[in-house]
Amino acid sequence: MLLIHCPYCGARAQDEFHYRGDANVERPAPHAGQKAFYDFVYARDNPRGWHVEWWHHYAGCRRWVKIERNTVTHEIRTVKGPTQDTR
Amino acid sequence: MPARHEPIFDRYSVWRLLKESIDGNRGWKQAWRKPEPKARYDVVIVGGGGHGLATAHYLASVHGITNVAVVEKGPIGLGNSGRNTTIVRSNYLLPSNIRFYEYSLRLWEGLERELNYNVMMSQRGQLSLFHSASERDAAVRRGNSMLIQGVDAVLLDREAVRAMLPFIAMDNPMFPILGGLLQPRGGTARHDAVVWGFARAANRRGVDILEHCEVTGIRCESGRVVGLETTRGFIGAGKVGIAVAGNTSQLAAMAGLRLPIETHLLQAFVSEAIKPLIGCVINFGAGHFYISQSDKGGLVFGGALDGYNSYSQHGNLPLVEHLMSAGVSMVPALSRLRVLRQWAGMMDMTMDGSPFICRTSIEGLYLNGGWCYGGFKATPGAGWCFAYTIAKNEPHPLNADLTIDRFFEGRMIDEAGVGPKPWAQ
């Protein structure tokens, strides 16, 4: 069980959250071209180690949080609000 | 057809078994050699699981390319090949998938003769239950799609399901069972035996299986692959095929490629052994839960992904609870059983839920990956198509659609239709 320290609600079980994927991808400018949009929508680093990702606290405050989690050990290093920097 | 170099007394047969039982079993030989790496091979396959070994076998047996090595970071067959739930089927919806998986199923049907190895192929049937009118419509559509492609599919009504599975809870208040779609030719096979069978067959035709040989780099010169840096030294290669599902992103990154893949966890479970109870593979349509019974008597079951990127190879408890409750909803007797083992494998989840068997942007580098949770049943078909693609430097019509470029071209093979969310495929 992952224990996620929601910045708004405190420590909560992972059951209260939905995973929403890699938080490092950024939407390109509207005319950035097909390659840029391919990278945004489909291509992923898929790191073995630290991964910055979105989780949606759907059964709590209903906000999105940005989590830094290790994909090998499942350790969670930081949990931040969506507009805060992860580092 | 026995391989050219194979002495007839090395074949496995009932006569051989009798002879060895009289001679005290002293004549059995190692099923494959443990050679030292050569300086260069025509083709090097990275990944000694079922797919990599099958590829090597078909390169040698179909295309006559025998200067081949399979490199594996650990012992062979201990990745996803040893972690799946052994189910074999071809009940897909989209034509590209049906054609490929049906070809694979046909190879399964002749695999024991082809390999001279008992892979315990058992076509006991695969039944997907439905619980609502709309699920029934989807099952009919899928069944028709299969029939059009020449695959067997039978729609069972409620009474037929009840007669086939008397132990099942038909009248669960939330998920009553209205019927099911049966593929009679689906079933199970022994996963380890498939790996060993392909390893032995490839070895007999001269393929080098290099265990404990981890790839640490892919060396390219002017856009062309020239070899692999490994923990056992540099190995030169005319062509390199990647078949390392779970770690595909890492391998591809060594060649500078960034793929539409995320790695996720899928758990599986085995119960204590009981007398024969479940005679086919059952898929519960109201959650994501499927179950079959191994020949040893244990019930083998699994379900959905844990749902977040992970390489940990061990699952988490929320999904265990979800799976157990789905299982008990379908077969209440499961609540009396104890779970003996639980484990998880790493799934290459792609952005549309379909795999890759294709060339890459680097000359001489080929990719087999993105198997989501469909890799085991694909083993012979993927090996066959991957060998073709490597040998001819172009895809076979069976895998022509399974490219990375399909995402650029808007030709996704989205069996589930859920959009680019790997954790939802």
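The values are calculated or read from the model by the stated rules, or taken from the named source; none is laboratory data. None of the values given here were measured: they were computed from a predicted structure. Note that each Cβ is placed from the backbone with ideal geometry, even for glycine, and that neighbours are counted across all protein chains shown. Just the protein is used for accessible areas: all its heavy atoms, side chains included, with ligands, DNA and RNA removed. Shrake-Rupley method; radii C 1.70, N 1.55, O 1.52, S 1.80 Å.
Numbers at a glance
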read-out	value
Unique match (being crowded, with 16+ Cβ neighbours inside 10 Å and modelled with pLDDT of 95 or more) among B:Glu229, B:Glu159, B:Glu211	B:Glu211
Matching residues in segment B:301-314 - criterion: being more than 9 Å from chain A (Cβ to nearest Cβ) and either touching a Pro at 6+ places or on another chain (Cβ under 6 Å) or open to solvent by less than 20 Å² (accessible area, probe 1.4 Å) (or both)	B:Phe301, B:Gly302, B:Gly303, B:Leu305
Residue among B:Arg185, B:Arg219 that is more than 22 Å from B:His57 (Cβ to Cβ), open to solvent by 40 Å² or more (accessible area, probe 1.4 Å), within 27 Å of the chain's Cα centre (by Cα) and modelled with pLDDT of 95 or more	B:Arg185
Spans of strands (runs of 3 or more DSSP E) in chain A with at least 3 residues modelled with pLDDT of 95 or more and within 12 Å of chain B (Cβ to nearest Cβ)	A:18-22, A:50-56, A:64-70
Selection status of B:Gln293, in the same structural domain as B:Glu135 (by TED's automatic domain parsing), in contact (Cβ under 8 Å) with a residue 12 or more places away in the chain and farther than 22 Å from B:Pro166 by Cα	no
Residue check for B:Gly64: of a type outside the set (D, E, K, R) and under 17 Å from the mean Cα position of the chain (by Cα)	no
Hits in segment A:13-51 - residues which are farther than 26 Å from B:Met254 by Cα and either buried (at least 19 other Cβ atoms within 10 Å of the Cβ) or in contact with a Ser or Thr (Cβ under 9 Å, 6 or more places away or on another chain) (or both)	A:Gln14, A:Phe17, A:Tyr19
Some residue of segment B:369-390 being closer than 17 Å to B:Gly50 by Cβ, within 14 Å of chain A (Cβ to nearest Cβ) and modelled with pLDDT of 95 or more	yes
Residue within segment B:28-42 that is open to solvent by less than 40 Å² (accessible area, probe 1.4 Å), closer than 16 Å to B:Tyr366 by Cβ and not in a loop (DSSP other than H, G, I, E, B) present	yes
The listed residue being under 22 Å from B:Asp10 (Cα atoms) and of a type outside the set (Gly, Ala, Ser), out of B:Phe198, B:Phe167, B:Phe175	B:Phe198
Number of positions in segment B:414-425 that are under 20 Å from B:Ile87 (Cβ atoms) and away from chain A (no Cβ under 13 Å)	2
Options B:Asp348, B:Asp352, B:Asp306: the member that is touching a Leu at 6+ places or on another chain (Cβ under 8 Å) and among the acidic types (Asp, Glu)	B:Asp306
Output for segment B:75-118, where each listed residue is within 23 Å of B:Gly48 (Cβ to Cβ), of a type outside the set (D, E, K, R), open to solvent by 20 Å² or more (accessible area, probe 1.4 Å) and part of a helix (DSSP H, G or I)	B:Asn80, B:Ser81, B:Gly82, B:Leu107
Residue within segment B:46-62 that is surrounded by fewer than 24 Cβ atoms within 10 Å (Cβ to Cβ) and either in a loop (DSSP other than H, G, I, E, B) or free of Cβ contacts under 8 Å to residues at least 60 places away in the same chain (or both) present	yes
Residue list for segment B:379-403, filter: among the aliphatic types (A, V, I, L, M) and either in contact with a Phe, Trp or Tyr (Cβ under 6 Å, 6 or more places away or on another chain) or over 26 Å from B:Arg83 (Cβ atoms) (or both)	B:Ala387, B:Ile390, B:Ala391, B:Leu398, B:Ala400, B:Leu402
Segment B:391-408, residues that are within 14 Å of chain A (Cβ to nearest Cβ) and hydrophobic (A, V, I, L, M, F, W, C)	B:Ile404, B:Phe407, B:Phe408
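Residue-by-condition table, conditions (1) more than 14 Å from every other protein chain (Cβ to nearest Cβ); (2) within 21 Å of the chain's Cα centre (by Cα):
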site: B:Leu228; (1), (2): yes, no
site: B:Phe234; (1), (2): yes, no
site: B:Val240; (1), (2): yes, yes
site: B:Met254; (1), (2): no, no
site: B:Leu259; (1), (2): no, yes
site: B:Leu265; (1), (2): no, yes
